[in-house]
Amino acid sequence: MGAFEETQLPSTASRPEKALAWVDDRFPLSKMWKEQWGSYYAPKNFNVWYLFGSLSMLVLVLQIVTGIFLTMHYKPDAALAFGSVEYIMREVPWGWLVRYMHSTGASAFFIVVYLHMTRALMYGSYRKPRELIWLFGFAIFLCLMAEAFFGYLLPWGQMSYWGAQVIVNLFGAIPVIGGDLSEWIRGDYVVSDATLNRFFAFHVIALPLVLLGLVAAHLIALHEVGSNNPDGIEVKDNMGPDGNPIDAVPSHPYYTTKDLFGVSVFLLLFSAVVFFAPEMGGYFLEYNNFLPADSMKTPAHIAPTWYFTPFYSVLRATTADFMYVVMAAVALYVVFVWLKSRLAYRIKVAIAVLGIVLIVGMLPQVLDAKFWGVVLFGSSVMILAFMPWLDHSPARSLRYRPSWHSYLYVVFGLVFVTLGYLGTQLPTAAYTIISQVCTLAYFSFFLLMPWWSTMGTFKPLPTRLTFTPH
Amino acid sequence: MLVATCAAGGVVGVATAGVLVSTFQPSERARAAGAPVEVDISDVAPGEMKVVEWRGKPVWILRRTPAMMATLTEVQDELADPASDKEFQLPVPPYCKNPQRARKEHPEVLVTVGICSHLGCSPSSRLAAGPQPNLPNDWPGGFLCPCHGSTFDLSGRVFKNKPAPTNMDIPPYMYLSDNKLIIGTDNEKGEA
């Protein structure tokens, strides 16, 4: 490192130029801008799916800003919370707008993030060397689910209360320590003022800090390895004379303008919901939550908000009878791994031992279906983290994979949506069977991916991006 | 020196983390709030139910009719644990280990913590027998948990193949007089 040297600009330089040079000598402002966005070269064939990354950043900022203003009027106290939310809605000037922006923002966040994840699945954006981008993104998704869950308790309505009761009791299903663990999380024998207070702390400070850190890590990792694209080929394989990929353009101004257009369309739709349908027919704000929390009476129909329902359906599908199906599935999977995989002998033995332990554990005499319901519920989320190692397809993007792979993704999408729909409905015998079939399909999609993703006739990969100038 | 510094720093770090973790436990005030409650049941007619709060949870007091009592033996084979032998969050009081799950002074009066053993929702009363929404057509009367569809008989015992693993808890209780009972204790000396 050389000695400090002040940049000498000609005396004709403008004041802002001089100020920037002064800052740049002391802090890498221009350098950071160039690396992270200004001269960040991104593939030139981004389509509409590539809007959802920047849109989720926008919603994050929206949530933080509206959240700050809500805390100025909200009271995290079991006796006052419900009333303070009504106070915000009715008496704080424009309070209703800030609150509806925040509550609609929560659902918008999940819509945008689910679409962002769909994009990654379609174009194989999680594949080597982008595994860490995917893992940071997955951690953001987990964090977001925790944010939504903690935040949902704060209005202290009936759904807030009983939703928290059910989710905290999930931890109670863990053998031996479960009961004490859920008591420790609640800070009381039931969901109470202590629970509300700590959920408030998590929602407004602890998780947002973690979330911001993860978003930074997600972006730094992305800008280190570079963006994937709808063709799923590396633009860096074709470098131009200027040292940048031929098929890439600097994000600024090209993607700045594109993202701004996306932002305009998004805000148009977002405002329409905020102003005309903030409850979205009971999906964004559930009707039972307009009743104050009552620890003596569970509402006749409780369901989590829509973004949790696919996973929640998996939990509900796990009945005592279904465990025998799961046991058979585990046994079949172990046999399949032995016959069909080229894993080392030692790993195969380990998988077989694990399979036997699981099957024994699933016997009703050992651990009941309640515990396994929680395990399957957790696994249905966690399995997403393994995508980079489950997908063995030679082509990243679905564009160059056999057509039936695309149909399989469509079926998977339908399974996910069906699970989500069933999670909002009261359980009936028929619905339970459908959700059990969907649960099996959901897990098969991931667990059999190492095999099916290599099968079929792949289309030849292009050497340059497919791009038609508009 | 490096090892000693790291060890000393580590001890302080772990101790601080331990303190922060401990603050999550129920406070002394929350612990003290679990006192027994006295209930007058003279106004509970046969077939009716009263709900009282004990330790922040709903406790149901149901005076069952003779017809309701008759269902308890009929459903025996459809229950997951008819004799209440499994482990419970609250140990089943020995004086309630019978099909009525009640003290012998008033076997028709059921006293149970109205919390589903699955994930802690409070089941709704579906006391009347016969076909009704979300229940089988041969429904004998009992309780339905709105959260995940577990069903319980009129003694709070769970039916087979439902998400709830165990029957509902029976709190310790005793009769102070014919129409007065106390929930949370079953001996004169104090809390159970």
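The values are calculated or read from the model by the stated rules, or taken from the named source; none is laboratory data. The structure displayed is predicted, hence computed values, not measured ones. Methodologically, a virtual Cβ is constructed for each residue, glycine included, from the backbone with ideal geometry; neighbour enumeration extends over all protein chains shown.
From the list A:Trp404, A:Trp389, exactly one residue is surrounded by fewer than 17 Cβ atoms within 10 Å (Cβ to Cβ) and farther than 26 Å from A:Leu135 by Cα. Which is it?
One residue alone meets the criteria, A:Trp404.
Quick check on my filter: what residues within region A:190-204 are among the aliphatic types (A, V, I, L, M), closer than 21 Å to A:Gly172 by Cβ and more than 11 Å from chain B (Cβ to nearest Cβ)?
Selection gives A:Leu196 alone.
So which residues in region A:5-33 are under 43 Å from the mean Cα position of the chain (by Cα) and among the β-branched types (Val, Ile, Thr)?
Scanning region A:5-33 gives a single hit, A:Val23.
Taking the residues in region A:124-134 that are surrounded by 20 or more Cβ atoms within 10 Å (Cβ to Cβ) and under 17 Å from the mean Cα position of the chain (by Cα) as candidates, determine which candidate is nearest to A:Ser397 (Cα to Cα).
A:Gly124
Exactly one condition in (1) away from every other protein chain (no Cβ under 12 Å); (2) modelled with pLDDT of 90 or more; (3) more than 20 Å from B:Ala70 (Cα to Cα); (4) surrounded by 16 or more Cβ atoms within 10 Å (Cβ to Cβ) is not met by B:Asp186; state its number.
Going through (1) away from every other protein chain (no Cβ under 12 Å); (2) modelled with pLDDT of 90 or more; (3) more than 20 Å from B:Ala70 (Cα to Cα); (4) surrounded by 16 or more Cβ atoms within 10 Å (Cβ to Cβ) one by one, B:Asp186 breaks only (2).
So, B:Glu74, is that one within 13 Å of chain A (Cβ to nearest Cβ) and either acidic (Asp, Glu) or exposed (fewer than 10 other Cβ atoms within 10 Å of the Cβ) (or both) or not?
Answer is no for this residue.
Within region B:135-155, how many residues are within 13 Å of chain A (Cβ to nearest Cβ) and either within 23 Å of B:Asn98 (Cβ to Cβ) or aliphatic (A, V, I, L, M) (or both)?
5
When residues of region A:137-148 are filtered for being surrounded by 20 or more Cβ atoms within 10 Å (Cβ to Cβ) and over 10 Å from the mean Cα position of the chain (by Cα), how many remain?
Within region A:137-148, residues that are surrounded by 20 or more Cβ atoms within 10 Å (Cβ to Cβ) and over 10 Å from the mean Cα position of the chain (by Cα) number 1.
Here is a list of conditions, (1) of a type in the set (S, T, N, Q); (2) surrounded by 14 or more Cβ atoms within 10 Å (Cβ to Cβ); (3) farther than 29 Å from A:Asp77 by Cβ, and A:Thr305 meets all of them except one; can you say which number that is?
Here A:Thr305 meets the rest and fails (3).
I'd like to know if region A:416-434 contains one or more residues that are closer than 17 Å to A:Pro450 by Cα and within 21 Å of the chain's Cα centre (by Cα).
No.
Hey, any hits in region A:325-339 for a residue that's among the hydroxyl-bearing types (Ser, Thr, Tyr) and either within 30 Å of B:Pro146 (Cα to Cα) or in contact with a strand residue (DSSP E or B) (Cβ under 9 Å, 6 or more places away or on another chain) (or both)?
No, region A:325-339 contains no residue that is among the hydroxyl-bearing types (Ser, Thr, Tyr) and either within 30 Å of B:Pro146 (Cα to Cα) or in contact with a strand residue (DSSP E or B) (Cβ under 9 Å, 6 or more places away or on another chain) (or both).
In this structure, is A:Leu207 at pLDDT 90 or above, more than 19 Å from B:Ala30 (Cβ to Cβ) and more than 10 Å from chain B (Cβ to nearest Cβ)?
So A:Leu207 fits the description; yes.
Give the residue that is nearest to B:Ser177 (Cα to Cα), with candidates limited to residues of region B:67-104 that are free of Cβ contacts under 8 Å to residues at least 24 places away in the same chain and of a type outside the set (A, V, I, L, M, F, W, C).
B:Lys104
So which helices (runs of 4 or more DSSP H) are wholly in region A:122-235 and hold at least 2 residues that are closer than 23 Å to B:Leu90 by Cα and touching a residue at least 60 places away in the same chain (Cβ under 8 Å)?
Because the criterion is at least 2 residues that are closer than 23 Å to B:Leu90 by Cα and touching a residue at least 60 places away in the same chain (Cβ under 8 Å), the helices (runs of 4 or more DSSP H) in region A:122-235 that meet it are A:158-170.
Which residues, taken from region A:294-307, are away from chain B (no Cβ under 12 Å) and part of a loop (DSSP other than H, G, I, E, B)?
Passing the criteria: only A:Thr305.
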